[in-house]
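The structure appears right after this line, and notes come after that.
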Amino acid sequence: QMALHMAQAWAEAEGQRNEDDRDQTFEVLGVEEPLEAPLALDFGVVPLKGAADRIERWADGRLVVVDLKTGTVDEASTRCKSLDELKKPSKAKGFQLMTYAWMLGQLHPEAVEFQVGISPMRRPHDPVLWFALNKRILLNRADLDAFEHEVLRPLIGEIAAFFQGERASHE
């Protein structure tokens, strides 16, 4: 009953937000949309997977992911001064959002700008907490490429090296 009430309150607030606060029209491209994009590394291809709660295309062409959260969300976890901060556990939500933006960029090579955020369902009248990189909420291709090279590749490389070492020790 509590979850139903939370969902209803959020849906009503979202409808009002779409009527009052949007400065441009948008189209919903997907709901509960599976995302998968390959990341080619020296040792092979690693598929990155996720599921976006809602994907939108705004009138100006940007692709937007809105992630719904039923739990509490620390706004600071969605704010980074640099991509390097996304390696910290306290920035896990930001890492998740930036990964969604990167996957969306891989799946939609025609797109130029991206925006990703969290909508906290427990506070339905609060605005979406947009991920901000150095105070910018509108991400571009250069941001996605930098994320891939500065964060994703090193992180997955470390994980792969760990498991390759593990496999070598069992041979």
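Return the residues of the range 149-169 that are open to solvent by less than 100 Å² (accessible area, probe 1.4 Å) and at pLDDT below 80; say none if nothing qualifies.
First, the residues of the range 149-169 that are open to solvent by less than 100 Å² (accessible area, probe 1.4 Å): 150-157, 159-161, 164-166, 168-169.
The answer is A160, A161, Q164, G165, E166, A168, S169.
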What's the number of the condition I118 fails, among (1) over 12 Å from the mean Cα position of the chain (by Cα); (2) at pLDDT 90 or above? (1)
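When only residues in the range 22-36 that are surrounded by 16 or more Cβ atoms within 10 Å (Cβ to Cβ) and among the hydrophobic types (A, V, I, L, M, F, W, C) count, which is modelled with the lowest pLDDT?
From the range 22-36, those surrounded by 16 or more Cβ atoms within 10 Å (Cβ to Cβ) are 29, 33, 35; that's our starting set.
With among the hydrophobic types (A, V, I, L, M, F, W, C) added as a condition, the list becomes 29, 35.
Numbers: L29: 88, L35: 94.
The extreme case among them is L29.
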Selection count, the range 89-115, where residues are assigned to a helix (DSSP H, G or I), closer than 17 Å to L39 by Cα and more than 12 Å from the chain's Cα centre (by Cα): 2
Residues of the range 109-157 classified as in contact (Cβ under 8 Å) with a residue 40 or more places away in the chain and closer than 19 Å to V45 by Cβ, total: 9
Just one listed residue, out of L48, L41, L68, is at pLDDT below 90, under 14 Å from the mean Cα position of the chain (by Cα) and aliphatic (A, V, I, L, M), and it is L68
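The values are calculated or read from the model by the stated rules, or taken from the named source; none is laboratory data. None of these values were measured; they are calculated from a predicted model. Neighbour counts run over all protein chains shown; Cβ positions are idealised from the backbone, glycine included. Heads up: the accessible areas ignore ligands, DNA and RNA and are worked out on the full protein's heavy atoms, side chains in. Shrake-Rupley method; radii C 1.70, N 1.55, O 1.52, S 1.80 Å.
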